[in-house]
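S.K.: One structure follows; several queries about it will come next.
The values are calculated or read from the model by the stated rules, or taken from the named source; none is laboratory data. Here the structure is a predicted model, which is why all the values come from computation and not from measurement. Here the Cβ positions follow ideal geometry from the backbone for every residue, glycine too, while neighbour counts run over all protein chains shown.
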Amino acid sequence: MSEPAATQTIVIVGAGQAGGETASELRKQGFTGRIVLVGDETHVPYRRPPLSKAYLSGTATEESLYILPPAGMEKARIEFIGGVRAERIDRAARQLHLSDGRVLDYDKLVLATGGRARVLSLPGADRPNVFPLRSIADVQALRAHCLQGKSAVIVGGGFIGLEVAAVATKLGMKVTVLEGLPRVLARVTVPEVSAFFERIHREAGVDLRTGVQIAAFEGEPAVTHVLLGDGSRIAADFILAGIGQLPNVELAQQAGLAVDNGIVVDEYSRTADPDIYAAGDCANHPNEFYGCRLRLESVQNAMEQGRVVASALLGKPQVYNVVPWFWSDQYDLKLQMVGLSAGFDRMVVRGDFNSRAFAAFYLKEGRLIAADTVGRPQDFMFAKKLVAMRAVVDPQLLADEAVSLKTLLPAA
Ligand SMILES: Cc1cc2nc3c(=O)[nH]c(=O)nc-3n(C[C@H](O)[C@H](O)[C@H](O)COP(=O)(O)OP(=O)(O)OC[C@H]3O[C@@H](n4cnc5c(N)ncnc54)[C@H](O)[C@@H]3O)c2cc1C
(Lines give C-alpha, C1' and ligand atoms only; values in the text may rest on other atoms or scores of the structure.)
Protein backbone atom coordinates (compact mmCIF):
# COMPACT_ATOMS: atom_id res chain seq x y z
CA MET A 1 0.00 0.00 0.00
CA SER A 2 1.61 3.28 -1.05
CA GLU A 3 1.17 6.60 0.71
CA PRO A 4 -1.68 8.70 -0.75
CA ALA A 5 -0.77 11.83 -2.69
CA ALA A 6 -1.59 15.38 -1.60
CA THR A 7 -4.20 15.49 -4.35
CA GLN A 8 -6.19 12.64 -2.82
CA THR A 9 -9.48 12.99 -0.99
CA ILE A 10 -10.38 10.91 2.06
CA VAL A 11 -14.05 11.09 2.99
CA ILE A 12 -15.14 9.96 6.45
CA VAL A 13 -18.80 9.14 7.11
CA GLY A 14 -19.78 9.66 10.74
CA ALA A 15 -18.48 12.61 12.77
CA GLY A 16 -18.25 10.76 16.07
CA GLN A 17 -15.40 9.43 18.21
CA ALA A 18 -13.92 7.17 15.50
CA GLY A 19 -14.52 9.59 12.62
CA GLY A 20 -13.01 12.50 14.55
CA GLU A 21 -10.01 10.44 15.62
CA THR A 22 -9.38 9.19 12.06
CA ALA A 23 -9.48 12.73 10.70
CA SER A 24 -7.12 14.25 13.27
CA GLU A 25 -4.78 11.26 13.16
CA LEU A 26 -4.51 11.53 9.37
CA ARG A 27 -3.22 15.07 9.80
CA LYS A 28 -0.98 14.14 12.74
CA GLN A 29 0.59 11.39 10.63
CA GLY A 30 1.27 13.86 7.81
CA PHE A 31 -1.53 13.45 5.26
CA THR A 32 -1.68 16.65 3.22
CA GLY A 33 -4.62 15.86 0.94
CA ARG A 34 -8.27 16.73 1.41
CA ILE A 35 -10.22 15.35 4.39
CA VAL A 36 -14.01 15.62 4.41
CA LEU A 37 -15.97 14.60 7.51
CA VAL A 38 -19.69 14.02 6.96
CA GLY A 39 -22.02 13.76 9.96
CA ASP A 40 -25.79 13.58 10.22
CA GLU A 41 -25.74 15.35 13.59
CA THR A 42 -25.22 19.11 13.45
CA HIS A 43 -22.50 18.96 16.12
CA VAL A 44 -18.79 18.64 15.56
CA PRO A 45 -17.42 15.29 16.82
CA TYR A 46 -18.01 14.91 20.55
CA ARG A 47 -17.49 12.44 23.39
CA ARG A 48 -20.60 10.46 24.29
CA PRO A 49 -19.63 9.06 27.74
CA PRO A 50 -20.53 12.30 29.59
CA LEU A 51 -24.02 12.21 28.04
CA SER A 52 -25.25 9.79 30.69
CA LYS A 53 -23.02 11.30 33.39
CA ALA A 54 -21.82 14.92 33.78
CA TYR A 55 -23.69 16.36 30.79
CA LEU A 56 -27.04 14.94 31.89
CA SER A 57 -26.44 16.14 35.45
CA GLY A 58 -25.68 19.64 34.14
CA THR A 59 -22.08 19.78 35.38
CA ALA A 60 -20.48 19.63 31.91
CA THR A 61 -21.07 22.08 29.08
CA GLU A 62 -21.71 21.09 25.50
CA GLU A 63 -18.40 22.62 24.39
CA SER A 64 -16.49 20.49 26.91
CA LEU A 65 -17.67 17.39 25.03
CA TYR A 66 -16.13 18.43 21.72
CA ILE A 67 -13.30 16.25 20.44
CA LEU A 68 -12.66 18.48 17.46
CA PRO A 69 -13.89 22.03 18.12
CA PRO A 70 -14.61 24.12 14.99
CA ALA A 71 -11.35 26.10 15.33
CA GLY A 72 -9.33 22.88 15.60
CA MET A 73 -10.96 21.49 12.49
CA GLU A 74 -10.28 24.63 10.57
CA LYS A 75 -6.65 24.62 11.65
CA ALA A 76 -6.28 20.97 10.64
CA ARG A 77 -8.05 21.70 7.33
CA ILE A 78 -10.77 19.15 8.01
CA GLU A 79 -13.88 20.02 6.01
CA PHE A 80 -16.94 19.33 8.14
CA ILE A 81 -20.32 18.75 6.54
CA GLY A 82 -22.76 18.58 9.46
CA GLY A 83 -26.48 17.80 9.58
CA VAL A 84 -26.24 15.84 6.34
CA ARG A 85 -26.65 12.09 5.87
CA ALA A 86 -24.56 9.94 3.59
CA GLU A 87 -27.20 7.98 1.70
CA ARG A 88 -25.47 5.88 -0.92
CA ILE A 89 -22.03 4.75 -1.97
CA ASP A 90 -21.30 4.28 -5.65
CA ARG A 91 -18.26 2.05 -5.39
CA ALA A 92 -17.58 1.85 -9.12
CA ALA A 93 -17.50 5.66 -9.47
CA ARG A 94 -15.98 6.15 -5.96
CA GLN A 95 -18.68 8.64 -5.09
CA LEU A 96 -20.71 9.27 -1.96
CA HIS A 97 -24.25 10.59 -2.34
CA LEU A 98 -25.49 12.89 0.43
CA SER A 99 -29.01 13.66 1.63
CA ASP A 100 -28.76 17.30 0.46
CA GLY A 101 -28.11 16.18 -3.12
CA ARG A 102 -24.35 16.71 -3.04
CA VAL A 103 -22.10 14.02 -4.48
CA LEU A 104 -18.57 13.69 -3.08
CA ASP A 105 -15.75 12.06 -5.01
CA TYR A 106 -13.42 10.03 -2.84
CA ASP A 107 -10.17 8.19 -3.24
CA LYS A 108 -10.61 6.44 0.11
CA LEU A 109 -13.76 6.21 2.21
CA VAL A 110 -13.97 5.53 5.95
CA LEU A 111 -17.23 4.33 7.49
CA ALA A 112 -17.43 5.44 11.13
CA THR A 113 -21.19 5.37 11.41
CA GLY A 114 -21.39 4.13 15.02
CA GLY A 115 -24.67 2.80 16.31
CA ARG A 116 -28.17 3.92 17.20
CA ALA A 117 -30.22 3.29 20.31
CA ARG A 118 -32.44 0.23 20.18
CA VAL A 119 -36.08 1.23 20.45
CA LEU A 120 -38.69 -0.41 22.65
CA SER A 121 -41.30 -2.31 20.69
CA LEU A 122 -44.12 -2.21 23.22
CA PRO A 123 -47.55 -0.61 23.11
CA GLY A 124 -47.18 3.08 23.96
CA ALA A 125 -43.41 3.18 23.34
CA ASP A 126 -43.94 5.81 20.63
CA ARG A 127 -45.20 8.42 23.13
CA PRO A 128 -43.22 11.69 23.31
CA ASN A 129 -41.94 11.12 26.86
CA VAL A 130 -40.18 7.82 26.02
CA PHE A 131 -36.55 8.77 25.41
CA PRO A 132 -33.45 7.12 23.97
CA LEU A 133 -29.97 8.31 25.04
CA ARG A 134 -27.38 8.41 22.33
CA SER A 135 -26.80 12.03 21.37
CA ILE A 136 -26.56 15.60 22.67
CA ALA A 137 -30.04 16.18 21.21
CA ASP A 138 -31.40 13.22 23.21
CA VAL A 139 -29.99 14.63 26.46
CA GLN A 140 -31.35 18.10 25.71
CA ALA A 141 -34.82 16.59 25.26
CA LEU A 142 -34.48 14.43 28.37
CA ARG A 143 -33.04 17.12 30.65
CA ALA A 144 -36.20 19.20 30.58
CA HIS A 145 -37.92 16.29 32.38
CA CYS A 146 -35.15 15.62 34.93
CA LEU A 147 -36.59 17.68 37.76
CA GLN A 148 -36.57 17.12 41.51
CA GLY A 149 -39.60 15.13 42.66
CA LYS A 150 -40.42 13.72 39.23
CA SER A 151 -40.68 9.96 38.61
CA ALA A 152 -38.35 8.35 36.10
CA VAL A 153 -38.75 4.78 34.90
CA ILE A 154 -35.60 3.42 33.32
CA VAL A 155 -35.92 0.36 31.13
CA GLY A 156 -32.69 -1.63 31.12
CA GLY A 157 -30.11 -2.30 33.81
CA GLY A 158 -27.06 -1.90 31.59
CA PHE A 159 -24.42 0.81 31.84
CA ILE A 160 -26.50 3.64 30.40
CA GLY A 161 -29.60 2.78 32.43
CA LEU A 162 -27.64 2.57 35.69
CA GLU A 163 -25.66 5.75 35.02
CA VAL A 164 -28.88 7.66 34.34
CA ALA A 165 -30.41 6.13 37.49
CA ALA A 166 -27.49 7.50 39.52
CA VAL A 167 -27.77 11.00 38.00
CA ALA A 168 -31.57 11.13 38.37
CA THR A 169 -31.38 9.96 41.98
CA LYS A 170 -28.80 12.65 42.77
CA LEU A 171 -31.14 15.20 41.18
CA GLY A 172 -33.80 14.21 43.71
CA MET A 173 -36.01 12.17 41.42
CA LYS A 174 -37.95 9.01 42.23
CA VAL A 175 -36.23 6.37 40.11
CA THR A 176 -37.33 2.89 39.10
CA VAL A 177 -35.09 0.59 37.05
CA LEU A 178 -36.75 -2.32 35.25
CA GLU A 179 -34.48 -5.09 34.01
CA GLY A 180 -35.87 -8.11 32.16
CA LEU A 181 -32.96 -10.41 33.00
CA PRO A 182 -32.45 -11.83 36.50
CA ARG A 183 -29.68 -9.30 37.26
CA VAL A 184 -28.27 -5.97 36.07
CA LEU A 185 -25.12 -5.84 33.88
CA ALA A 186 -25.72 -9.51 33.13
CA ARG A 187 -24.09 -9.36 29.69
CA VAL A 188 -20.84 -7.85 30.90
CA THR A 189 -19.96 -9.17 34.34
CA VAL A 190 -20.35 -11.85 36.99
CA PRO A 191 -23.30 -12.17 39.41
CA GLU A 192 -21.22 -10.85 42.34
CA VAL A 193 -20.48 -7.55 40.58
CA SER A 194 -24.10 -7.27 39.45
CA ALA A 195 -25.21 -7.80 43.06
CA PHE A 196 -22.79 -5.09 44.19
CA PHE A 197 -24.33 -2.52 41.84
CA GLU A 198 -27.87 -3.61 42.69
CA ARG A 199 -27.07 -2.99 46.38
CA ILE A 200 -25.47 0.41 45.69
CA HIS A 201 -28.51 1.59 43.71
CA ARG A 202 -31.01 0.29 46.26
CA GLU A 203 -29.07 1.95 49.09
CA ALA A 204 -29.30 5.22 47.12
CA GLY A 205 -33.09 4.85 46.99
CA VAL A 206 -33.61 3.37 43.51
CA ASP A 207 -36.50 0.93 43.16
CA LEU A 208 -34.52 -1.63 41.17
CA ARG A 209 -36.45 -4.62 39.87
CA THR A 210 -34.96 -7.53 37.92
CA GLY A 211 -36.67 -10.33 35.99
CA VAL A 212 -39.49 -7.90 35.19
CA GLN A 213 -41.64 -8.01 32.07
CA ILE A 214 -43.26 -4.84 30.78
CA ALA A 215 -46.66 -5.23 29.13
CA ALA A 216 -47.33 -1.65 27.95
CA PHE A 217 -46.85 2.06 28.50
CA GLU A 218 -50.16 3.67 29.43
CA GLY A 219 -51.34 7.26 29.16
CA GLU A 220 -52.37 9.66 26.42
CA PRO A 221 -50.85 11.72 24.88
CA ALA A 222 -47.83 11.02 27.15
CA VAL A 223 -47.05 7.95 29.23
CA THR A 224 -48.25 8.22 32.82
CA HIS A 225 -47.83 4.59 33.93
CA VAL A 226 -45.89 1.47 33.07
CA LEU A 227 -48.01 -1.67 33.11
CA LEU A 228 -46.01 -4.72 34.15
CA GLY A 229 -46.61 -8.32 33.13
CA ASP A 230 -47.92 -9.15 36.62
CA GLY A 231 -50.66 -6.51 36.25
CA SER A 232 -49.08 -3.93 38.57
CA ARG A 233 -48.50 -0.31 37.52
CA ILE A 234 -45.68 2.18 38.13
CA ALA A 235 -46.29 5.93 37.81
CA ALA A 236 -43.87 7.65 35.44
CA ASP A 237 -43.25 11.23 34.33
CA PHE A 238 -40.97 9.85 31.65
CA ILE A 239 -39.35 6.65 30.43
CA LEU A 240 -35.71 6.21 29.49
CA ALA A 241 -34.99 3.27 27.20
CA GLY A 242 -31.48 1.97 27.90
CA ILE A 243 -31.73 -1.31 26.04
CA GLY A 244 -28.58 -1.30 23.96
CA GLN A 245 -27.69 -0.21 20.48
CA LEU A 246 -27.66 -1.46 16.91
CA PRO A 247 -24.71 -0.83 14.60
CA ASN A 248 -25.37 1.51 11.67
CA VAL A 249 -24.52 -0.81 8.79
CA GLU A 250 -27.13 0.08 6.18
CA LEU A 251 -24.82 2.24 4.06
CA ALA A 252 -22.28 -0.60 3.86
CA GLN A 253 -24.97 -3.18 3.25
CA GLN A 254 -26.48 -1.19 0.41
CA ALA A 255 -22.99 -0.90 -1.13
CA GLY A 256 -22.68 -4.69 -1.12
CA LEU A 257 -20.05 -4.85 1.63
CA ALA A 258 -20.08 -7.79 4.04
CA VAL A 259 -22.05 -7.17 7.23
CA ASP A 260 -22.23 -9.58 10.16
CA ASN A 261 -23.00 -7.90 13.48
CA GLY A 262 -21.20 -4.84 12.12
CA ILE A 263 -19.27 -4.00 8.97
CA VAL A 264 -16.80 -6.82 8.42
CA VAL A 265 -13.18 -5.59 8.34
CA ASP A 266 -9.78 -7.26 8.44
CA GLU A 267 -7.03 -6.68 11.03
CA TYR A 268 -6.14 -3.37 9.32
CA SER A 269 -9.79 -2.18 9.41
CA ARG A 270 -10.19 -2.68 5.65
CA THR A 271 -13.38 -3.94 4.11
CA ALA A 272 -13.19 -6.21 1.06
CA ASP A 273 -13.20 -3.04 -1.07
CA PRO A 274 -9.57 -1.76 -0.97
CA ASP A 275 -10.86 1.84 -0.96
CA ILE A 276 -13.28 1.47 1.97
CA TYR A 277 -12.41 1.12 5.67
CA ALA A 278 -14.56 0.98 8.80
CA ALA A 279 -13.89 1.83 12.46
CA GLY A 280 -15.61 2.14 15.82
CA ASP A 281 -18.94 0.79 17.04
CA CYS A 282 -20.01 -0.12 13.48
CA ALA A 283 -17.01 -2.37 12.72
CA ASN A 284 -16.58 -6.08 13.32
CA HIS A 285 -12.87 -6.94 13.45
CA PRO A 286 -10.74 -10.03 14.00
CA ASN A 287 -9.08 -9.85 17.41
CA GLU A 288 -5.89 -11.86 17.55
CA PHE A 289 -5.68 -11.61 21.33
CA TYR A 290 -8.98 -13.45 21.77
CA GLY A 291 -8.84 -15.47 18.54
CA CYS A 292 -12.32 -14.39 17.48
CA ARG A 293 -14.17 -11.57 15.74
CA LEU A 294 -15.41 -8.73 17.95
CA ARG A 295 -17.57 -5.65 17.62
CA LEU A 296 -16.82 -3.39 20.55
CA GLU A 297 -18.74 -0.37 21.81
CA SER A 298 -16.20 1.75 23.64
CA VAL A 299 -14.24 4.96 23.37
CA GLN A 300 -10.96 3.07 23.51
CA ASN A 301 -11.98 0.93 20.53
CA ALA A 302 -13.23 3.90 18.49
CA MET A 303 -10.03 5.86 19.10
CA GLU A 304 -7.54 3.07 18.57
CA GLN A 305 -9.33 1.75 15.50
CA GLY A 306 -9.48 5.29 14.09
CA ARG A 307 -5.69 5.45 14.45
CA VAL A 308 -5.27 2.05 12.78
CA VAL A 309 -7.37 3.24 9.83
CA ALA A 310 -5.28 6.40 9.50
CA SER A 311 -2.04 4.38 9.56
CA ALA A 312 -3.33 1.95 6.95
CA LEU A 313 -4.51 4.80 4.73
CA LEU A 314 -1.04 6.32 4.92
CA GLY A 315 0.69 3.13 3.85
CA LYS A 316 1.88 2.17 7.36
CA PRO A 317 -0.54 -0.64 8.21
CA GLN A 318 -0.65 -1.78 11.82
CA VAL A 319 -2.55 -4.80 13.04
CA TYR A 320 -5.44 -3.82 15.31
CA ASN A 321 -5.05 -6.07 18.30
CA VAL A 322 -6.22 -4.64 21.58
CA VAL A 323 -7.31 -5.85 24.97
CA PRO A 324 -10.63 -4.03 25.45
CA TRP A 325 -11.18 -1.82 28.46
CA PHE A 326 -14.17 0.17 29.62
CA TRP A 327 -15.37 2.30 32.50
CA SER A 328 -18.63 3.42 34.06
CA ASP A 329 -19.30 6.15 36.64
CA GLN A 330 -22.20 5.69 39.03
CA TYR A 331 -22.58 7.95 42.08
CA ASP A 332 -19.07 8.41 43.49
CA LEU A 333 -17.94 5.02 42.16
CA LYS A 334 -15.83 4.25 39.13
CA LEU A 335 -16.06 0.77 37.65
CA GLN A 336 -13.12 -0.09 35.40
CA MET A 337 -13.05 -3.27 33.36
CA VAL A 338 -10.31 -4.81 31.27
CA GLY A 339 -10.45 -7.91 29.09
CA LEU A 340 -13.33 -10.24 28.38
CA SER A 341 -14.07 -12.55 31.29
CA ALA A 342 -16.16 -15.09 29.31
CA GLY A 343 -14.75 -18.59 29.81
CA PHE A 344 -12.88 -17.88 33.07
CA ASP A 345 -12.43 -20.86 35.37
CA ARG A 346 -11.50 -19.04 38.59
CA MET A 347 -12.40 -15.69 40.13
CA VAL A 348 -10.15 -14.12 42.74
CA VAL A 349 -11.36 -11.17 44.79
CA ARG A 350 -9.19 -8.47 46.35
CA GLY A 351 -11.14 -6.45 48.87
CA ASP A 352 -14.78 -7.05 49.61
CA PHE A 353 -17.95 -6.89 47.51
CA ASN A 354 -19.71 -5.61 50.64
CA SER A 355 -17.51 -2.52 50.76
CA ARG A 356 -17.28 0.20 48.06
CA ALA A 357 -13.92 -0.86 46.63
CA PHE A 358 -12.81 -4.23 45.28
CA ALA A 359 -11.12 -5.93 42.38
CA ALA A 360 -12.39 -9.15 40.78
CA PHE A 361 -9.79 -10.99 38.75
CA TYR A 362 -10.71 -13.66 36.21
CA LEU A 363 -8.29 -16.48 35.48
CA LYS A 364 -8.29 -19.16 32.84
CA GLU A 365 -5.85 -22.03 33.18
CA GLY A 366 -3.85 -19.93 35.64
CA ARG A 367 -3.60 -16.88 33.38
CA LEU A 368 -5.24 -13.53 34.07
CA ILE A 369 -7.73 -12.84 31.25
CA ALA A 370 -9.84 -10.02 32.69
CA ALA A 371 -10.51 -7.85 35.73
CA ASP A 372 -13.29 -5.64 37.07
CA THR A 373 -12.29 -3.05 39.64
CA VAL A 374 -14.28 -0.52 41.63
CA GLY A 375 -12.50 2.32 43.38
CA ARG A 376 -9.08 0.82 42.74
CA PRO A 377 -7.41 2.78 39.95
CA GLN A 378 -3.91 1.55 40.86
CA ASP A 379 -4.94 -2.09 40.73
CA PHE A 380 -6.69 -1.42 37.43
CA MET A 381 -3.58 0.10 35.93
CA PHE A 382 -1.48 -2.97 36.70
CA ALA A 383 -4.32 -5.37 35.89
CA LYS A 384 -4.38 -3.90 32.38
CA LYS A 385 -0.72 -4.80 31.97
CA LEU A 386 -1.09 -8.26 33.48
CA VAL A 387 -4.09 -9.06 31.26
CA ALA A 388 -2.28 -7.84 28.15
CA MET A 389 0.59 -10.19 29.04
CA ARG A 390 -1.80 -13.03 29.85
CA ALA A 391 0.33 -13.31 32.96
CA VAL A 392 0.36 -16.46 35.04
CA VAL A 393 -0.33 -15.19 38.54
CA ASP A 394 -0.52 -16.71 41.97
CA PRO A 395 -4.16 -16.38 43.11
CA GLN A 396 -3.11 -15.95 46.73
CA LEU A 397 -0.95 -12.96 45.88
CA LEU A 398 -3.72 -11.50 43.70
CA ALA A 399 -6.11 -11.66 46.63
CA ASP A 400 -3.63 -10.25 49.15
CA GLU A 401 -4.24 -6.53 49.63
CA ALA A 402 -0.76 -6.14 51.08
CA VAL A 403 0.82 -7.18 47.77
CA SER A 404 1.15 -4.51 45.09
CA LEU A 405 0.06 -5.84 41.71
CA LYS A 406 3.12 -4.14 40.31
CA THR A 407 5.27 -6.82 41.92
CA LEU A 408 3.33 -9.51 40.02
CA LEU A 409 4.37 -8.15 36.63
CA PRO A 410 6.76 -10.60 35.00
CA ALA A 411 10.28 -9.19 34.63
CA ALA A 412 10.76 -7.61 31.19
C1 LIG B 1 -24.74 7.63 26.74
C2 LIG B 1 -23.49 6.90 26.38
C3 LIG B 1 -22.53 6.68 27.35
C4 LIG B 1 -21.35 6.02 27.05
N5 LIG B 1 -20.41 5.81 28.03
C6 LIG B 1 -19.23 5.21 27.71
C7 LIG B 1 -18.21 5.05 28.70
O8 LIG B 1 -18.37 5.43 29.85
N9 LIG B 1 -17.03 4.47 28.31
C10 LIG B 1 -16.81 4.06 27.02
O11 LIG B 1 -15.73 3.55 26.70
N12 LIG B 1 -17.77 4.18 26.09
C13 LIG B 1 -18.97 4.75 26.39
N14 LIG B 1 -19.94 4.89 25.44
C15 LIG B 1 -19.71 4.31 24.10
C16 LIG B 1 -18.90 5.26 23.23
O17 LIG B 1 -19.36 6.57 23.32
C18 LIG B 1 -18.99 4.74 21.79
O19 LIG B 1 -18.38 3.46 21.77
C20 LIG B 1 -18.27 5.67 20.81
O21 LIG B 1 -18.93 6.91 20.75
C22 LIG B 1 -18.25 5.04 19.43
O23 LIG B 1 -17.72 5.94 18.51
P24 LIG B 1 -18.12 5.84 16.97
O25 LIG B 1 -17.40 6.96 16.31
O26 LIG B 1 -17.94 4.46 16.50
O27 LIG B 1 -19.69 6.11 16.94
P28 LIG B 1 -20.48 7.41 17.33
O29 LIG B 1 -19.77 8.18 18.38
O30 LIG B 1 -21.87 6.93 17.59
O31 LIG B 1 -20.47 8.29 15.99
C32 LIG B 1 -21.09 7.88 14.80
C33 LIG B 1 -21.66 9.09 14.13
O34 LIG B 1 -22.01 8.76 12.78
C35 LIG B 1 -23.26 9.34 12.47
N36 LIG B 1 -23.82 8.65 11.30
C37 LIG B 1 -24.33 7.40 11.23
N38 LIG B 1 -24.74 7.11 9.98
C39 LIG B 1 -24.48 8.21 9.23
C40 LIG B 1 -24.68 8.52 7.86
N41 LIG B 1 -25.20 7.65 7.01
N42 LIG B 1 -24.33 9.74 7.42
C43 LIG B 1 -23.77 10.68 8.27
N44 LIG B 1 -23.55 10.42 9.58
C45 LIG B 1 -23.89 9.20 10.05
C46 LIG B 1 -24.03 9.15 13.77
O47 LIG B 1 -25.17 9.97 13.84
C48 LIG B 1 -22.94 9.58 14.77
O49 LIG B 1 -22.91 10.97 14.92
C50 LIG B 1 -21.12 5.56 25.72
C51 LIG B 1 -22.10 5.77 24.73
C52 LIG B 1 -23.27 6.44 25.05
C53 LIG B 1 -24.31 6.68 23.99
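S.K.: Restricting attention to region 11-38, and to residues there that are under 26 Å from Ser328 (Cβ atoms) and not in a helix (DSSP H, G or I), which single residue is nearest to the chain's Cα centre (by Cα)?
M.R.: Gly16
S.K.: Additional query: Of (1) of a type in the set (Asp, Glu); (2) farther than 27 Å from Tyr320 by Cβ; (3) at pLDDT 95 or above, Glu401 satisfies all except one. Which?
M.R.: Condition (3) is where Glu401 drops out.
S.K.: Determine if region 395-407 includes at least one residue that is away from the ligand (no atom under 16 Å from the Cβ), of a type in the set (S, T, N, Q) and closer than 27 Å to Val167 by Cβ. Write out each step before concluding.
M.R.: Narrowing region 395-407 to residues away from the ligand (no atom under 16 Å from the Cβ): 395-407.
This time we only want the ones that are of a type in the set (S, T, N, Q), so: 396, 404, 407.
If we keep only those that are closer than 27 Å to Val167 by Cβ as well, we get none.
Checked region 395-407: no residue is away from the ligand (no atom under 16 Å from the Cβ), of a type in the set (S, T, N, Q) and closer than 27 Å to Val167 by Cβ.
S.K.: Here's a check for you: in region 269-280, which residue that is part of a loop (DSSP other than H, G, I, E, B) and within 21 Å of the chain's Cα centre (by Cα) is surrounded by the fewest Cβ atoms within 10 Å (Cβ to Cβ)? If you could, list the steps in order and put the result at the bottom.
M.R.: Our first condition is that a residue be part of a loop (DSSP other than H, G, I, E, B); within region 269-280, this holds for 269, 271-275, 279.
Still in the list and also within 21 Å of the chain's Cα centre (by Cα): 269, 279.
On the way: Ser269: 30, Ala279: 34.
Filtering first and then ranking leaves Ser269.
S.K.: Looking only at residues that are within 30 Å of Thr271 (Cα to Cα) and in a strand (DSSP E or B) in region 221-255, which one is farthest from the ligand (Cβ to nearest atom)?
M.R.: The extreme case among them is Leu246.
S.K.: Just checking, does region 162-180 include any residue being assigned to a helix (DSSP H, G or I), in contact with a strand residue (DSSP E or B) (Cβ under 7 Å, 6 or more places away or on another chain), among the polar types (S, T, N, Q) and over 29 Å from Ala15 (Cα atoms)? Reasoning before the result, please.
M.R.: Start the filter on region 162-180 by keeping residues that are assigned to a helix (DSSP H, G or I), which leaves 162-170.
This time we only want the ones that are in contact with a strand residue (DSSP E or B) (Cβ under 7 Å, 6 or more places away or on another chain), so: 162-166, 168-169.
When the remaining residues are screened for being among the polar types (S, T, N, Q), the result is 169.
Keeping just the survivors that are over 29 Å from Ala15 (Cα atoms) gives 169.
Yes, region 162-180 has at least one match.
S.K.: Something else now. With region 55-144 as the region, which strands (runs of 3 or more DSSP E) entirely inside it contain at least 3 residues that are within 14 Å of the ligand (Cβ to nearest atom) and under 23 Å from the mean Cα position of the chain (by Cα)?
M.R.: Ranges flagged: 108-111, 115-117.
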